[in-house]
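Q: Mind looking over this structure? Questions follow.
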Amino acid sequence: MSGFNILFVSSEVAPFSKTGGLGDVAGSLPAALSHDNNVIVVSPLYSSVDREKYGIKPAAGGCCVHMGNCEEFYALYHTKYDNVDFYFVEFDKYFNRTGIYHTKAGEYGDNPFRFSFLCRAALQTAKDLDFRPDIAHVNDWQTALIPYYIKKWNDPFFDQTKSIITIHNIGYQGIFGSEFMEYAGIEKEDFHSGAFENYGGVNLLKGGLAFADKITTVSPTYATEIRGPIGSSGLHELLNARGGDLVGILNGIDTNVWNPKKDTYIPYPYDAKTLKTKTKNKLELQKRFGLKQDAGIALFGFVGRFVDQKGLYLMKDACIRAMNEMVCQFVVVGSGEQEYEEFFGSLPARYPGEMGSYIGYSEELAHLVEAGCDFFVMPSLYEPCGLNQMYSLAYGTLPVVRATGGLDDTVENYDESTGGGTGFKFWAISAEALFDTIGWAVSTYYDRPQHIELMRKRAMKQDFGWKRSADAYMHLYEAVTGKGLYL
Ligand code: ADP
Ligand code: GLC
């Protein structure tokens with residue numbers, strides 16, 4: 001096959017491993033790229049990965065990388081999924097753990113060791129397979145050393161390789177003490193404020209941004225936000241210096257997995273023509289969460305990581321006020337910070353029949369919430385892209401969002417005079433603004449149901465498939481390699 005050789009590396013890849021949107025993207029973008037290119041994906045073989053279910057088989061034993069003064073021996077596993085070759089690095093010392101990055105007790109202390117090892121092993125995998133990449137496409141801080149290694153090593157094998165780093169969330173930069181530098185092979189001369197140094201610590205993302213040939217992030221608006229002092233978590237100077245190499249490319253969604261017509265997790269599949277069937281999912285969702293089963297009550301959902309980024313402290317207040325002052329119901333699915341787990345976990349007892357919650361991770365419930373709710377709430381303080389609002393649109397579930405990052409790029413605000421738009425937006429970071437916007441959605445639901453119907457149909461027509469985004473990545477690959485394969 002012609003096209004580029006693309007080495008895609010990620011610390012999580014759905015459906016094998018996932019904690020959030022990075023997993024979804026790493027699981028579906030390579031498939032879209034593989035239509036015209038040779039793509040291999042490398043990620044860790046965590047003990048939680050279901051080898052049997054996905055036919056993951058040994059591909060090579062006795063693989064080895066030199067880290068500092070030690071040799072790390074590992075094995076390589078492989079499966080073909082969605083027509084893409086996925087390679088998994090099996091190394092029990094680092095990846096045979098309960099969590100991917102942390103447990104309830106906190107982050108794994110050896111994360112910088114674990115992921116610098118992954119970076120080395122990914123490049124070694126390309127060599128062992130004799131796969132000469134035109135592009136090494138890496139994601140977030142966990143794989144940010146790859147652009148550095150490619151630039152520093154002068155290894156003829158990677159002569160033609162250009163590196164792209166995608167920032168999925170600049171709030172997570174991988175900042176550590178310097179004790180792993182030797183192990184990772186970060187040279188002292190690169191420990192300065194234009195590369196890895198960050199207030200005395202080692203900032204892996206910053207180093208990746210300094211050495212990558214191109215930088216992308218996951219929506220156009222976020223690409224602008226991270227160039228300002230507030231949105232950048234301290235990296236705006238570097239990002240402005242590299243402004244000509246930074247581009248925002250909106251994520252796509254996997255329309256085989258997140259498609260109400262084909263969804264195997266929901267009891268009643270539907271599409272825009274059979275929207276009435278959506279109501280059956282709503283009744284099922286109400287039953288599952290012990291809510292009053294009534295198709296006529298406005299039902300709001302939230303699914304996500306319980307972290308401040310997601311605007312949960314706005315949700316806390318706005319939910320309570322909405323429960324007290326409006327006729328509506330809420331279901332919340334998520335896990336994370338203890339304060340939020342306790343708060344949302346306790347709400348069903350306080351508001352029986354009106355409020356449901358599941359504290360934990362459930363792929364099935366995430367799909368049922370998308371299918372069964374009328375509205376999906378995302379009051380994020382910042383949101384690089386956000387996938388749930390795109391899933392919601394595909395399911396005719398209208399998003400209520402703060403207008404930031406990808407949320408702003410993907411949701412069109414409701415126009416009360418025409419019934420236009422696909423969701424409800426607010427701007428201020430305040431519980432009151434969220435409450436008012438929930439109120440706006442509730443009043444539209446009861447007073448202008450014909451608008452809700454119009455918006456649902458419009459939402460379901462939006463195309464968030466990967467094709468457009470994959471094309472944008474292809475243009476970038478062409479620009480960086482100087483090879484005009486597709487122009
Ligand atoms: P982020 O990557 O910041 O977490 P995204 O909106 O990009 O946010 O993606 C989140 C993904 O993780 C979605 O697929 C969402 O459904 C999923 N997810 C998050 N928390 C849970 C949970 N508790 N149960 C099921 N899926 C979850
Ligand atoms: C991050 C962001 C989220 C984005 C996802 C995939 O985790 O928080 O907004 O959708 O990565 O790019």
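The values are calculated or read from the model by the stated rules, or taken from the named source; none is laboratory data. All values reported here derive from a predicted model rather than from experimental measurement. Cβ placement follows ideal geometry from the backbone for every residue including glycine, while neighbour counts extend to all protein chains displayed. Please note that ligands, DNA and RNA were not included when accessible areas were found on the heavy atoms of the full protein model with its side chains. Shrake-Rupley method; radii C 1.70, N 1.55, O 1.52, S 1.80 Å.
Q: Identify the GluC sites (Glu not before Pro) of the stretch 179-263 meeting these criteria: DSSP loop state and at most 14 other C-beta atoms within 10 Å of the C-beta.
A: Hits after loop and neighbour filter: E187.
Q: Whole-Hz Karplus ³J(HN,Hα) for the stretch 133-139, in order, using 6.51 cos²θ - 1.76 cosθ + 1.60 and θ = phi - 60°, x for Gly and Pro?
A: Per residue, the Karplus-derived 3J(HN,Hα) values read x, 7, 10, 10, 9, 10, 9 Hz.
Q: In whole Å, what is the distance between the alpha-carbon centres of the stretch 52-116 and the stretch 173-214?
A: Measuring centre to centre over Cα atoms gives 22 Å.
Q: Once you order the gyration tensor axes a ≥ b ≥ c over the Cα atoms, which shape class does the stretch 272-460 get: rounded for a/c under 1.5, otherwise prolate or oblate by comparing a/b with b/c?
A: Since a/c stays below 1.5, the shape of the stretch 272-460 is classed as rounded.
Q: Next question. Quick one: how many Å² of K467 are accessible to a 1.4 Å probe, rounded to 10?
A: 140 Å²
Q: Got a sec? What order do D436, D408 fall in by accessible area at 1.4 Å, biggest, i.e. largest, first?
A: Order by accessible area, largest first: D436, D408.
Q: OK, next. Keeping all protein chains in the complex and leaving out DNA, RNA and ligands, what accessible area do you get for C63 with a 1.4 Å probe, in Å² to the nearest 10?
A: 10 Å²
Q: Quick check: with the 1.4 Å probe, what order do D374, D245 take by accessible area, largest first? Walk me through the numbers on the way to the answer.
A: Working: D374 10, D245 45 Å².
Solvent-accessible surface, decreasing: D245, D374.
Q: Right, next: If you count only protein heavy atoms and use a 1.4 Å probe, how large is the accessible surface of R448, to the nearest 10 Å²?
A: Estimated to the nearest 10 Å², R448 gives 50 Å².
Q: Another question, then. Pick out, from F376, L291, N413, the residue whose Cα sits farthest towards the positive end of the charge dipole of the stretch 282-429, with +1 on the Cβ of Lys and Arg and -1 on the Cβ of Asp and Glu.
A: Checking the options against the dipole of the stretch 282-429, the answer is L291.
Q: Extension gain E71-D50, at 0.36 nm per residue separation less the Cα-Cα distance, in nm?
A: Details: separation 21, 0.36 × 21 = 7.56 nm, distance 2.77 nm.
Length gained between E71 and D50: 4.8 nm.
Q: While we're here: Considering only protein heavy atoms, what per residue accessible area in square angstrom results for the chain with a 1.4 angstrom probe?
A: 39 Å²
Q: Explain nothing, just the number: relative contact order of the stretch 272-460, from Cα pairs under 8 Å at least 6 residues apart, as a whole percent. Intermediate values should be presented prior to the final figure.
A: Working: 360 pairs, mean separation 41.7, N = 189.
In percent, rounded to a whole number, it is 22.
Q: What is the spin-label model distance, in nm, from Y265 to E342 if the labels are put 7 Å beyond Cα along the C-beta direction?
A: 2.9 nm
Q: Which residues' amide hydrogens lie under 5 Å from the amide hydrogen of Y358, considering only partners 5 or more residues apart or on another chain, with H built in the peptide plane?
A: Distant-sequence amide H within range of Y358: V332, V333, G334.
Q: So for the pair K104, H35, with labels modelled 7 Å out along Cα→Cβ, what separation do we get in nm?
A: That separation, rounded to one decimal, is 4.5 nm.
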